[in-house]
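Dumping the structure here so I can ask a few things about it.
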Amino acid sequence: MRSIVKAVNLNKYYDQYHALRDINIEVEQGEVMCIIGPSGSGKSTLLRCVNQLEKIDKGGLWVDGELVGYRVVGNKLHEMNEVQIARQRLATGMVFQRFNLFPHMTVLQNIIEGPCQVLKRSPKEAIEDAMELLARVGLADKRNAYPVELSGGQQQRVAIARALAMRPKLMLFDEPTSALDPELVGEVLSVMRDLATTGMTMIVVTHELGFAREVSSRMVFMDAGQIVEAGSPEEILISPQNPRTQSFISAVRT
């Protein structure tokens, strides 16, 4: 299998705060990696580094075989400009806790904006694509609705469709159900579950342990900016070896 994400001794600082400490991970094509851990453990920061919303301070990060944020010229690294970074970022789609839809645009307009403006696809092709994606997330009848007319779960499903419309090679989910009412969580997880079965490479930061056990090929537990333990869902959720992992899993389940 081909590596889609590879981090080697990745570190991130915010002034004196060491947010990520020597992170080493590799995500292969078609793999679903779920990251769990307490608040402030660095989970979201790691995703933001992968998507180049944050710059790493030390170590190396590759996405789809390309070194992130830098180009190699001779034996030297040169920092990429914003245009080059934006091109690299097209390999990833990211879904946030909040839906970040354009409130003045309809559902359909939200989805076709990126493909038309950034990828220069024809409106006809973009609309056809968008309607297929809306059907896939169960919202084909909402094409002309505005975000304010949708529930939180529906808005998040539109956000997923919008990210997929850019045809990314990697999908990043940053606690996509944490802002939803409990009764709406299932509809979003169902879409993500379906996406996982299609072979999409995914990194999911989540507190939904049942979902993580069901869909992930590998799980990572983070704490204090470090990867404390990694393994199969059964290894992490059923028989964790590290005391910190054991404590977290026990606390979440009680």
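Does Gly93 meet the test of being part of a strand (DSSP E or B), on the phi > 0 side of the Ramachandran plot and either surrounded by 14 or more Cβ atoms within 10 Å (Cβ to Cβ) or of a type outside the set (Asp, Glu) (or both)? Walk me through how you get there before you give the answer.
On the way: part of a strand (DSSP E or B): yes; on the phi > 0 side of the Ramachandran plot: no; either surrounded by 14 or more Cβ atoms within 10 Å (Cβ to Cβ) or of a type outside the set (Asp, Glu) (or both): yes.
In short, no.
Moving on to the next point. Can you tell me how many residues in segment 96-143 are farther than 23 Å from Asp174 by Cβ, open to solvent by 70 Å² or more (accessible area, probe 1.4 Å) and touching a helix residue (DSSP H, G or I) at 6+ places or on another chain (Cβ under 7 Å)?
Going through segment 96-143 one residue at a time, the tally reaches 2.
Provide a single number: the residues in segment 96-123 that are of a type in the set (S, T, N, Q), free of Cβ contacts under 8 Å to residues at least 40 places away in the same chain and part of a loop (DSSP other than H, G, I, E, B). Let's see the steps before the verdict.
Our first condition is that a residue be of a type in the set (S, T, N, Q); within segment 96-123, this holds for 97, 100, 106, 109-110, 117, 122.
With the extra rule that they be free of Cβ contacts under 8 Å to residues at least 40 places away in the same chain, the set shrinks to 109, 117, 122.
This time we only want the ones that are part of a loop (DSSP other than H, G, I, E, B), so: 122.
Qualifying residue count, segment 96-123: 1.
Exactly one condition in (1) under 17 Å from the mean Cα position of the chain (by Cα); (2) over 18 Å from Ile25 (Cβ atoms) is not met by Arg218; state its number.
(2)
Further question on the same structure: Restricting the first residue to segment 64-93 and requiring it to be aliphatic (A, V, I, L, M), which pairs with a second residue that is open to solvent by 20 Å² or more (accessible area, probe 1.4 Å) and in a loop (DSSP other than H, G, I, E, B) meet a Cβ separation below 7 Å and a spacing of at least six or different chains?
Val68/Gln52; Ile85/Gln52; Leu90/Met166; Ala91/Asp64; Ala91/Lys169
Regarding Asp57, is this residue over 25 Å from Tyr14 (Cα atoms) and acidic (Asp, Glu)? Give the derivation first.
Details: over 25 Å from Tyr14 (Cα atoms): no; acidic (Asp, Glu): yes.
Criteria not met by Asp57.
Continuing with the same structure: Out of the residues in segment 176-196 that are outside any helix (DSSP H, G or I) and open to solvent by 40 Å² or more (accessible area, probe 1.4 Å), state the one that is farthest from Val63 (Cα to Cα). Let's see the steps before the verdict.
Going residue by residue through segment 176-196, those that are outside any helix (DSSP H, G or I) are 176-181.
Now restrict to residues that are open to solvent by 40 Å² or more (accessible area, probe 1.4 Å): 178, 181.
On the way: Ser178: 26, Asp181: 33 Å.
Among residues in segment 176-196 that are outside any helix (DSSP H, G or I) and open to solvent by 40 Å² or more (accessible area, probe 1.4 Å), the one farthest from Val63 (Cα to Cα) is Asp181.
Taking only pairs six or more apart or across chains, which ones have beta-carbon atoms under 7 Å, a first residue in segment 13-30 that is closer than 30 Å to Met200 by Cβ, and a second residue that is basic (Lys, Arg) and outside any strand (DSSP E or B)?
Note: pairs meeting the criteria are Glu28/Arg2; Gln29/Arg2.
Within segment 197-248, take every residue that is touching a residue at least 60 places away in the same chain (Cβ under 8 Å), over 21 Å from Leu20 (Cα atoms) and part of a loop (DSSP other than H, G, I, E, B) and give me the one that is most open to solvent (accessible area, probe 1.4 Å).
Ser217
The values are calculated or read from the model by the stated rules, or taken from the named source; none is laboratory data. Remember, it's a predicted structure, so these values are computed and weren't measured experimentally. Methodologically, a virtual Cβ is constructed for each residue, glycine included, from the backbone with ideal geometry; neighbour enumeration extends over all protein chains shown. The area values use the complete protein model at the heavy-atom level, side chains included, leaving out ligands, DNA and RNA. Shrake-Rupley method; radii C 1.70, N 1.55, O 1.52, S 1.80 Å.
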